Amino acid sequence: MTKRIQWEQARALIEQFTGPAITARLAGDGFNSEIAIIVNDRYFVKGLHLNHPRAWTQAKEKEINPCIRHVSATLEWETEAEGWSLLGFTYLPGRKPDYRPGSPDLALITEMIPKLPMAPAHLNLKRAEQRWSAYSPQAELFAGGHLCHTDWSPGNVLIGDDARLVDWAWPTRGAAWIDPACWIVWLIASGHSPAQAERHVAVVPAFGRAPGHAVTAFAAAQAAMWANIAEDAPHPGLAAAAADWHKHRANP
C-alpha cells in the first residue's frame, strides 16, 4: 500500500494542465498512488514521485491507455517533471460496485469483462505465467494474449450507466479467463458461495470456455497467494475466500 501525501506539494505542476484548482477532492480508494485527486470535477489526477519504487506503474498506465479507453478512463495529459510522474484522466463519475449476492451491479460487470482487449504485441507486460509462478507449478496454464487487469478491488470498478475498470497499475498478458477468475475471489469474500460466484462469471464467454484443469490450478495459485499476503490484503476475507474456492474446485 502506498501512503497518500498532501497533493499541494505538486499543485503548481498540476495546475499547468488543469487550470486553477477551484475544487480538489481526494479520491477515497486506491492503494497505488501518493496523489489521487479529482480536480474541478473534470480530471482525475494520480501521481508518484519519480524515485518511488512503483513509479514504473505510471508508465505502464500511460502505455496501455489507448487500448482500454472503451472500458476505462481516457488519459488526457501526463508529465514527468519536478520529481513527479503525474497522469491526468477524464474524471468519470460513478460509485463503487456492490459485489454482494443479488446486486444489479454484477450484470453490468459481466457485460464489461468481454470488452477487455487483446494485448498489443508491442507492449512489454508481465506475463500471467510469470506473476503466479511462485504459487503454482502449473503456471504455464495461465498464459495467453489478453490484456488482464487482475485487481478486482471494488475501488477499481466504477458503476454508472455501465461498468468501468480503472487503476491499471498491474497490467498483465494472460489468458482471457484470468480477470473473471480473479473476480471470483472477491465475490466469495462478499458473500457468495464458490458455486454461486462461478455461476455469475460463467456467463463471460472466455470463462465458460476455460479448461477446467487450468481454472483449478489458478484457484490453487490464488489460495496460495492470498494466504501469503493476507496481512496486506485490501479485504480481510480474501485469503479465506480464495481457500474456499480452491477447496470447491479440488473437491467438486
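All of the numbers you see were taken from the coordinates with simple rules; none came from a lab. Quantities reported herein were computed from a predicted structural model and do not represent experimental measurements. Cβ atoms come from the backbone with ideal geometry, glycine included; neighbour counts cover every protein chain shown.
Report summary: the helix-based calculation at 222 nm, which adds -39500 (n - 2.57) for every DSSP H run with n ≥ 4 and divides by the residues of the chain, gives -10000 deg cm²/dmol. Backbone amide hydrogens, once placed in the peptide plane, bring LEU50 within less than 5 Å of TRP84, SER85, excluding anything fewer than 5 places away on its chain. Within the listed set ALA220, ALA206, ALA12, the Gaussian network model of the chain (springs between alpha-carbon atoms below 10 Å) gives the highest mean-square fluctuation for ALA12.
Taking a cut-off of 19 Å, what percent of all Cα-Cα pairs in the range 105-250 are separated by more than that? Taking all Cα-Cα pairs of the range 105-250, the fraction more than 19 Å apart is 48 percent.
Judged by the mean number of other Cβ atoms found within 10 Å, the most tightly packed of the peptides 98-105, 197-204, 183-190 leads the ranking 183-190, 197-204, 98-105.
With springs only between Cα atoms under 10 Å, which of ALA240, ALA128, ALA219 fluctuates most in a Gaussian network model of the chain? Checking each option, the largest mean-square fluctuation is seen for ALA240. Orientation-averaged projection of the range 31-87 equals 4.1 nm² [convex hull of Cα atoms, one quarter of hull surface area]. Highest GNM mean-square fluctuation among GLN58, GLN16, GLN196, for the chain modelled with Cα contacts below 10 Å: GLN16. Using equal-weight Cα scatterers in the Debye expression, the normalised intensity of the chain in log10 at q = 0.11, 0.12, 0.15, 0.17 Å⁻¹ is -0.59, -0.70, -1.08, -1.34. Taking 0.36 nm per residue of sequence separation and removing the Cα-Cα distance, the ALA59/ALA134 pair yields an extension gain of 24.5 nm. The shape of the range 119-159 comes out oblate: with a ≥ b ≥ c from the C-alpha gyration tensor, a/c is at least 1.5 while a/b does not beat b/c. For ALA21 and HIS70, the difference between the fully extended length at 0.36 nm per residue and the C-alpha to C-alpha distance is 14.9 nm. Applying 1/(1 + (r/R0)^6) with r as the Cβ-Cβ distance of ASP161 and HIS213 and R0 = 45 angstrom yields a FRET efficiency of 0.75.
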